[in-house]
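These notes are about the structure you will find just below.
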Amino acid sequence: MAPISTGQHHHRSTTKVSHKSFKTGHATKRALKDKAKGKVERAERGTRKTPHQQLMSKLDRRNQARQKQQNKQQERAQATSIFSGSSGAPRHVAIVPLSVDIDTAAIVRALNESVDASSDGPLDTISRVRVDRFRQNLQYIPAKYDLMSALDACRMADFVIIAVSAEVEVEEQGELLLRSIEGQGISNVIGMVQGLDTVNPPKKRPQVASSLKSFLNHFFPSVDKVLSVDSRQECSNAIRSLCTATPKGIRWRDERSWMLIEDIKWPESMSSEVDDVVLTGVVRGRGLKADRLVHVPGWGDFQIDAITAAPLATGRPKRDDAMNVDESEATQILDTPSADRDDLAAVAPEEIEMEDDVESMADTEQKGVLLDDHHYFSDDDDHIPSKPKKLPKGTSEYQSHWFLDDVSDSGSDIDDDEDQDMEMDISGAPEDGVFPDNHDAMTEGGPSEYPQSEMFLDPSPEEEAAQLEAYRASKRTEAEDDLEFPDEIELHPNVLARERLARYRGMKSLKTSPWNTSADRAHEPEDWRRLLQFGDYKGSKNRILREALVGGVNPGTRVDVHLRAVPASLRNRPQPISLFSLLRHEHKHTVVNINMHLNATAEAPLKAKEELIVQYGPRRLVVNPVFSSADNTPNNVHKYDRFLHPGRSAIATWIGPQTWGSVPVLVFKAKKPESDDPEVLDSADAEPTAPTTAADFTTDNLELIGTGTVVAPDPTRVVAKRAIITGHPYKIHKRVVTVRYMFFNLEDVNWFKALQLWTRRGRSGYIKESLGTHGYFKATFDAKLNPQDSVGISLYKRVFPRKARALEELEN
């Protein structure tokens, strides 16, 4: 016998053979993805996609850095070239007080004395001074403690000095000034404090300055220090910053030619319109062209007769006195209008429009509401499909006439589902245009889901009126709690819905259904068809902005601008301080759209069509805007918003002058009376608190409620106002429901029969038939309804924007 081994047996490791994986030359994408395990395959080593990623030698890197430095120096020299020289353009410095005790004249005097400079004329108005230490010219624009004065001064300024008081705190009016000048666009900001030396004890002065700096940093984070007006050294530092720093500028302003008006000369004329009114100033921004219109804030838009040179008188006389006399007598004309000059027409000229193919809606008697492009249930049945037949697939319209209504093929190529879909299209499709396939739906040959033994009887008028009042009272409480139906309206039982909602129509989908504009022709505003239209807005904007770069009187030149046809009544108005050259077509009217944001600090929602004062670019208008959603829809139809709630944004629309580019917008509103007594508010003897003229718009009666940005104008943009009519499910039997309180007569049910029904809980259906004569009807839904649900229909009508008025027109 063989000996028995007592040790444990182990398998050799070599018995575990790992088979080779199958090698294929065409692996699937999924297999390659699993094999990569999330890794992204890199390109070949050493290859770079862009020049910035390419490896450069040390010499190339030095050369590139030198080129960037030279380009930066060249851009800075180009930006400050108009300020160089003794006759260079002055740097505009606006001084904005934030409290009533600020003395702007004392600030100008302290700044001038710090560099031993003196200015001619009073210091509380626009004054010019030469700073010999830095070889620069400064022009001070002191603003009053007033909203419009501060806005006018800051949009003309290269530098803004925010003057705060060391003793008086900044009140609500001062914060309004800061938010307003920040919203319209602002250049370089310098903070200065007046009266810091009067703070006792002296050790509290750094604390006061630090507190004021923290306050200004909330609006302008770039302010690193608040300088003291009482310190000669700090005033000298402020002058150094004003003379050596490069102005940041305001983009919308620098895309146009603009000018600070230094002097206005009126000719001696007694006519109602005066020609050759001369405005003197230095051209800034782009080149000033005589072909373009100019806008003078407070006056309006005017044409230019000529642009002549107006150099400052120098103390160096010419050698030849005769030549000096000739030059003084002969005025150098820099630019005159050409045949390409803009006119003052705000709308296109009237033209005869041939529209024989558009049939008036009033000429044809209709029996149903307009749903998308069709009037269903009307005598004109050309656009309505005929009664559906069971036809084989592929049957043409010509072949379908050979199939009778009561005969159908029994072959397998007939699809019963198409019959269901065609019936849905005739009676009214849901909002999205698609119904689910309900195979258990009620059919002509099948048993009815509604009890056959129950007969419908109209209730008595007294009983129905009491039930309606109780139902609507409960709905008012529910609407106050959750506000789920903001667009819901209630119809009076004695009012015909088809007359009350004659302008409304139905839509299968608000975002995708086409909008038939022919039905709105009778309700269009005046000159709607003559407004400025855009085929390619972006291309037109780029072309016009490039056109402004070339030609015109060079910036930095002191000129006299001769205006034509200026009303003589403007002599008595306050003298304007600014002139803006309008780009091409900026005088013409179009549908202006702005993306408006209502401040979260607003006390109440802003109602649509409420009177507001807006400022965008050089213009100030009184508008009644229409609010709509800011979505982007395929059919360019947007829902009308009755209110703009605090903290939300919407598109505000009105008819006004066109403005190119993304220009910031300020939205103001007149403050309400402080008295809450209704007798005082309704009294005829009470003094009006709302501003009525342009001079009345001050800090005391205006509040900044919102800001915005100009977006592309679009006259084809449809703003659709929605009206929701709701009813109560009276009886429910599976998917068949009797609805009441939506309509109150048989004719209204038949008129709106084509519209889709929907419920608050997401069910959709259609009207099947009317019951009785009091507006009850039977409806079929895609699923069983909850007894607490509400049934509604949505109707839409187009809302057109209103025309804006210039703020200057309030003076007339």
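A few remarks follow.
- Residues listed by number, region 138-168, amide nitrogen under 12 Å from residue 241 label point at 7 Å toward C-beta: 159-163
- Inter-label distance for residue 338 and residue 69, nm, one decimal - labels placed 7 Å from Cα along Cα-to-Cβ: 4.4
- Taking all protein chains together, 639, 607 sort by accessible area into 607, 639, largest first [probe 1.4 Å].
- Sites residue 350 and residue 29 - FRET efficiency at Förster radius 51 Å, r taken between beta-carbons, to 0.05: 0.20
- The alpha carbon radius of gyration of region 753-796, expressed as a multiple of 2.2 N^0.38 Å, is 1.14.
- Solvent exposure, largest accessible area first (probe 1.4 Å, DNA, RNA and ligands not counted), of 744, 643: 643, 744
- Segment residue 251-residue 117, length gained on full extension (0.36 nm per residue, minus Cα span): 45.1 nm
- Under the simplified labelling scheme, the residue 36-residue 595 pair shows an inter-label distance of 3.5 nm, with each label point 7 Å from Cα along Cα→Cβ.
- Accessible area ranking (1.4 Å probe, heavy atoms, ligands and nucleic acids excluded), largest first, for 295, 19, 733: 19, 733, 295.
- Length released on extending from residue 167 to residue 800, taking residue separation times 0.36 nm less the Cα-Cα span: 222.7 nm
- The heavy atoms of residue 266 offer some 60 square angstrom of accessible surface to a 1.4 angstrom probe.
- For region 90-215, the antiparallel share of DSSP beta bridges with both residues in that region comes to about 25%.
- A simple count of charges around residue 115, restricted to other residues whose Cβ falls under 14 Å of its Cβ and scoring Lys, Arg +1 and Asp, Glu -1, yields +3.
- Full-stretch length increase - residue 214, residue 649 - with 0.36 nm per residue and alpha-carbon distance subtracted: 153.6 nm
- Modelled spin-label separation between residue 224 and residue 610, with each label point placed 7 Å from Cα along the Cα-to-Cβ direction: 4.4 nm.
- Accessible area of region 124-238 belonging to carbon and sulfur atoms, whole % at 1.4 Å probe: 46
The values are calculated or read from the model by the stated rules, or taken from the named source; none is laboratory data. Bear in mind the structure is a predicted one, so any value in this text is a computation, not a measurement. Glycine gets a Cβ as well: all are built from the backbone with ideal geometry, and neighbour counts include every protein chain shown. Just so you know, the surface numbers come from the protein's heavy atoms only, side chains and all, with ligands and any DNA or RNA stripped out. Shrake-Rupley method; radii C 1.70, N 1.55, O 1.52, S 1.80 Å.
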